[in-house]
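As structure tokens, the structure follows; a few thoughts come after it.
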Amino acid sequence: MSSVDRWQLPDGIEEVLPARAATVERLRRRLLDAFRGWGYQLVIPPLIEYTESLLIGLGQDLDLLTFKLTDQLSGRTLGVRADITPQVARIDAHSLAQPGITRLCYAGSTLHTRPKSLLASRSPIQVGAELYGDASLAADIEIIGLMLATLEAAGIDAAVTLDLGHVGVYEAVLAGAGLSAEQEATVFDALQRKSLPDLKLALQGVADGAAGRIIALMDLHGDDRVLARARELLGEHAPAAMAAVDALDQAAEEIRRQRPDLDIYFDLAELRGYHYHTGIVFAAYVRGHGEALANGGRYDNVGAVFGRARPATGFATDLKALLALVPDAAAPPGAISVPDRHDPALMARVNELRAAGEIVINTLSAGPDPRCDRQLVDVGGEWQVQAL
């Protein structure tokens with residue numbers, strides 16, 4: 001390995017240098033404080049867990065994203081978390097096991113075997129909130145409201161579009177199609193990619209009516225008229241989809257009551273997290289940024305694998321993705337240079353300044369640190385702060 005190669009990082013893995021790291025930490029603290037104001041309690045799950053608890057019941061997508069290694073103590077397989085949500089579900093179901101509604105939040109690094117999209121990081125800093133123990137639409141609306149408040153707290157001033165979907169529509173439409181597991185996987189992939197030719201190819205041999213309704217899902221996206229079209233197209237042949245459409249209608253009405261200026265976009269073929277989501281799914285976008293800034297949805301009964309099935313809804317965002325849209329912070333205050341001298345009075349003054357929030361840096365052989373714009377000077381036996 002050459003000396004050049006030694007400092008190179010893997011693709012999609014990045015370091016955060018001092019100025020940006022300070023911004024990340026301020027943002028993390030601001031968001032956790034915002035969650036606290038809504039009643040969400042902080043938990044800190046471990047970086048690695050046994051894959052039996054980390055991946056069970058959450059579909060193949062998360063399995064493929066997870067780095068795995070063998071635990072030298074037990075011989076069992078460990079996974080480095082690619083998503084913190086299932087860990088929090090385990091905490092709610094097993095570690096806490098509280099009755100009633102539980103609100104939890106978190107912030108921590110994750111690791112992906114490959115990027116989720118072309119420009120995505122493989123080491124996101126995931127921040128999110130989860131609400132357990134309430135199956136009502138009001139719980140979903142609370143989480144959506146908190147997601148939007150999170151973007152505001154981050155300082156994102158661009159207009160946000162809320163994307164709403166419901167996996168119940170897709171489930172109802174597919175229920176009458178009689179697809180094999182292999183066909184359903186192919187249809188799911190084509191819908192996710194919005195590829196009409198591939199979707200038609202996957203539906204060869206399926207009855208025209210059922211195939212037509214699945215194909216129609218691809219065009220069921222847009223403003224409120226989408227819900228009316230869904231009722232017209234699916235009401236007779238996929239009546240179970242109507243409950244999902246009604247839930248989206250009610251959710252949009254309540255969200256607009258709280259945020260009259262919010263742009264809401266419906267996408268009834270939005271299947272992100274389909275393998276574990278059970279109801280409403282949602283995402284927040286801003287113009288000019290192709291990826292969702294935050295997303296989430298309802299995922300009831302994930303806790304069943306830990307012995308306690310619970311209604312659940314939540315959302316997550318990536319601090320690194322938010323940073324690209326957060327306005328640059330004002331230049332931080334300078335620092336105070338202090339002579340490298342053994343003087344009890346000097347140390348008392350240094351401790352006082354540091355306790356007050358000042359940055360105080362020892363002057364070593366190279367002279368004052370470049371960040372210093374002031375210095376401590378002995379004036380008649382009293383250490384005073386003066387300009388450099």
Do we have Pro46 as assigned to a loop (DSSP other than H, G, I, E, B) and over 28 Å from His289 (Cα atoms) here?
-> yes
Search result, residues across the range 173-218 that are of a type outside the set (A, V, I, L, M, F, W, C), part of a helix (DSSP H, G or I) and without any contact (Cβ under 8 Å) to a residue 24 or more places away in the chain = Glu182, Gln183, Glu184, Thr186, Asp189, Arg193, Pro197, Asp198, Lys200, Asp208, Gly212
Residue match in the range 90-105 (condition: touching a helix residue (DSSP H, G or I) at 6+ places or on another chain (Cβ under 7 Å), free of Cβ contacts under 8 Å to residues at least 60 places away in the same chain, in the same structural domain as Ala139 (by TED's automatic domain parsing) and among the hydrophobic types (A, V, I, L, M, F, W, C)) = no
Residue check, Leu118 among the aliphatic types (A, V, I, L, M) and surrounded by fewer than 21 Cβ atoms within 10 Å (Cβ to Cβ) | yes
When you look at Asp261, is it among the acidic types (Asp, Glu) and in a helix (DSSP H, G or I), yes or no?
-> no
Would you please name the residue that is nearest to the chain's Cα centre (by Cα), looking only at residues in the range 340-377 that are without any contact (Cβ under 8 Å) to a residue 12 or more places away in the chain and part of a strand (DSSP E or B)?
-> Gly367
Looking at Phe266, is it at pLDDT 95 or above and at negative phi?
-> yes
Can you run down the residue pairs with Cβ atoms below 9 Å, 6 or more apart or on separate chains, where the first is in the range 295-310 and free of Cβ contacts under 8 Å to residues at least 12 places away in the same chain and not assigned by TED's automatic domain parsing to the domain that holds Phe282 and the partner is assigned to a helix (DSSP H, G or I) and surrounded by fewer than 19 Cβ atoms within 10 Å (Cβ to Cβ)?
-> none
Selection count where residues are farther than 17 Å from Leu104 by Cβ, of a type in the set (Asp, Glu) and surrounded by 13 or more Cβ atoms within 10 Å (Cβ to Cβ), scope the range 35-57 = 0
When the range 124-144 is examined, which residues are found to be of a type in the set (S, T, N, Q) and under 11 Å from Phe315 (Cα atoms)?
-> Gln126
Only one of Arg90, Arg122 is out of contact with any His (no Cβ under 6 Å at 6 or more places or on another chain) and basic (Lys, Arg); which?
-> Arg90
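The values are calculated or read from the model by the stated rules, or taken from the named source; none is laboratory data. Small disclaimer: the values here were computed from a predicted structure and weren't measured. Cβ coordinates were reconstructed from backbone atoms using ideal geometry, including for glycine residues, and neighbour counts include every protein chain displayed.
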